[in-house]
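Right, I'll just put the structure down here and ask away after.
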Amino acid sequence: MSKTYNPEIEFSRRMLMTGVGGGVVWAGLVARLFQLQILEGEKYDQLANANHIKLELAPPQRGRILDRFGKPLASHRRAGRVTVIPEQLEDPAATIASIAAHIDLSDTQVNRVLEDIQRARRRRAAFLPVIVANELTYEDFARMNVHAVELPGVQVEMALTRSYPRGRDFAHVLGYVARASQDDLERLTEGKTQDEAKTMEDMFRHPDMRTGRQGMERFAEEWLRGKPGFRKLVTNAAGRIIDQIPDERLAPEPGKDLFVTIDMDLQRVAIERFAGESGAAVVLEVETGDVLAMVSTPAFDPNDFVNGISGTDYAALRDDSRAPLYPRAHGGVYPPGSTFKMVVATAALETGAIKPTDRVHCNRYYHFGNRTWHCWKPGGHGSVDMHAAIKGSCDVYFYEVARRTGAQAIADTARKFGFGEAWSLGMTGARGGLVPDPEWKMRVQKEPWFEGETLNFGIGQGQLGVTPLQLALMTARIAADGAPLKPNLIGLGPKDPDKHVLDAPLDPKIMEIMQSGMYGVTSEAGGTGYRSGDLGLGGPRLAGKSGTAQVRRITQAERDSGIRKGINIERELRDHALFVAYAPADNPKYACAVVVEHGESGSGAAGPVARDILSYAIRSNSGRKPAWSQNAALKPTEDEEGSPA
């Protein structure tokens, strides 16, 4: 018997089969989705992110350099710039030409950028940005932001750049930073492993990265630099950055702040006091040896070097007759003139060559052999002892004392005061000058020492050469009764491996005699620096010594006809003016040395400068407790903020 066809049963069967089949398909889809999203989700998430998230090397923010009270001497400011990513440029020349259509780029700049792009590709560093233009104006920054969306691989951004808010004031102390050269990279990667060297090279090729070239910036490079990290960036299809994903695990480690012992305000007062004259000034705190001011003027502006200085501008600095690149305070070598007479007197007393009460008669002339030496004072000083000779700066007295003492003893004593040694204290360009003696002359010049040279030695002339910093060290040791002195320029930072204590023994009783003579210079009738003794503080006075250093030999014919000075002689032939001093005279806190190049008169040109510097140091208490000893939490100041130039 045949089965009767029932459409309802057939429909139900088909629905069941369809349902089972659909269930199988859906089960497969769910299983696949489970596999993709749960079991392998992390893998595919990483693959997807790779298409629009990239890690870019992030250089560390360089540490600041602060004065003793926490005021910024080297910090940062924000400035607009344009960069390109070489690996994202199809036609670099066309891209740079497009940028040049919106902002002003010279042919030199264009060629430099194209060369940098080619160099980055050769070095397989095409992923690193190349700077096209720095220091954008507001108008250029806005214009480039509008058009950058049309230019794949072009970035317009605000970036931190190194800033020296006091400009020239600290140029020879701080030095400057610049883009790392090949020589810099070789120096910085010396002793590193291959991987460490590669990471460091990539870091220093980043447009935000700078390295110290001179001064504290170079000496404290590792302290200031910090450690690199990465930025997690979101980019669009054209490679343009559209967002940044914060990730503290990848953040760079900033460099550490460095404190120097200098008082920024005292430094400014000293510079202003030079009133445009060339020279140097150094101020030390007598008790601690802290350097409170270190002035070399004129100077250069380190801001000009941060983003690269043009060949023309550098040549102008290099060829300037006033030598703004010359670090006079610690690298300038001058004859000390009469400021050296305390060293000669100390040597004479140490060796017993003379007693403080022994007298020498000065009628202005000193005859030795077939030559005649002269005293600066017409008519001479008459009969003088040591105190009167220092007070009146009698040359004839010191010719005789030097002859009795001998060159070797004078040289040995000079070195006790710090002469002949290059005191870098973390700066570059330090020089030791020259303390000549018979052994040196035979070794270097292959000639014996002549006694006539000893006479010149006795008044701080001849081949003797010293720096203003050394003169300040000498003055501080005298003011401290000969106590050991540890000169220091770094308050909080890396230790200077070359630093040591100036502790060669000096007799306190002899130092008291030197102090008495220096007080006579500024506070007794007939003292060569009498006009500079009053600090204008209603009581305290300074003790000091003037000096005038010849830069040429004066012939007898010129003496007979009258020595030319002032406007009657070319500036470069005029004598240097020097003055050393400490104050207050009865309780020394600060020691100072001043050199005014071609200022002619130590008491007239350099003395008033030293007086005003010391007066300010006392009034403002420049040696008061420094910020680093107070664990002050110092925040960026207004000098460290900013926007496009």
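If you take semi-axes √(5λ) of the Cα gyration tensor in Å from the coordinates, which of (1) 46, 25, 24; (2) 52, 27, 23; (3) 73, 25, 21 do you get?
(3)
Also, I was wondering about something else. Hey, can you rank 87-99, 418-430, 64-76 by average C-beta count inside 10 Å, highest first?
Output ranking for 87-99, 418-430, 64-76: 64-76, 418-430, 87-99.
If you count, for each residue, the other Cβ atoms within 10 Å and average over each peptide, how do 226-236, 246-256 line up from highest to lowest?
Working: 226-236: 15.9, 246-256: 12.8.
Final packing ranking: 226-236, 246-256.
How high is the relative contact order of the stretch 119-210, given as a whole-number percent (alpha carbon pairs under 8 Å, six or more residues apart)?
Result for the stretch 119-210 is 36 percent.
Under the classification rounded if a/c is under 1.5, otherwise prolate if a/b is larger than b/c and oblate if not, where does the stretch 431-552 fall, given a ≥ b ≥ c as square roots of the Cα gyration tensor eigenvalues? Mind dumping the intermediate values first?
Numbers: a/c = 2.04, a/b = 1.21, b/c = 1.68.
Because a/c hits 1.5 or more and a/b fails to exceed b/c, the stretch 431-552 counts as oblate.
Using a 1.4 angstrom probe on the protein heavy atoms only, line up Tyr365, Tyr397 by accessible area, largest first.
Heavy-atom accessible area, descending, gives Tyr365, Tyr397.
Taking R0 as 41 Å, what FRET efficiency do you get between Leu55 and Arg624 from their Cβ-Cβ distance, rounded to the nearest 0.05? Before the final figure, lay out each step's value.
On the way: r = 48 Å, r/R0 = 1.17.
Approximately 0.30, to the nearest 0.05.
OK, next. At a 10 angstrom cut-off on C-beta neighbours, averaged per residue, how do the peptides 164-175, 117-128, 191-202, 586-597 rank from highest to lowest? List each step's numbers first, then the result.
On the way: 164-175: 23.8, 117-128: 15.3, 191-202: 12.9, 586-597: 25.3.
Going from most to least packed, we get 586-597, 164-175, 117-128, 191-202.
Next up: Per DSSP H run of at least 4 residues, take -39500 (n - 2.57); add these up for the chain, divide by its residues and hand me the 222 nm value, nearest 500 deg cm²/dmol.
The helix-only estimate for the chain comes to -10500 deg cm²/dmol at 222 nm.
Another one. So how do Ile242, Ile354 rank on accessible area, 1.4 Å probe, biggest first, that is with the largest at the start? Walk me through the intermediate numbers first.
Details: Ile242 105, Ile354 10 Å².
The residues order as Ile242, Ile354, largest area first.
The values are calculated or read from the model by the stated rules, or taken from the named source; none is laboratory data. Keep in mind that what you see is a predicted model, and the values were worked out from it rather than measured. Positions of Cβ are backbone-derived with ideal geometry, glycine not excepted, and every protein chain shown enters the neighbour counts. The accessibility values were calculated without ligands, DNA or RNA, using every heavy atom of the protein model including side chains. Shrake-Rupley method; radii C 1.70, N 1.55, O 1.52, S 1.80 Å.
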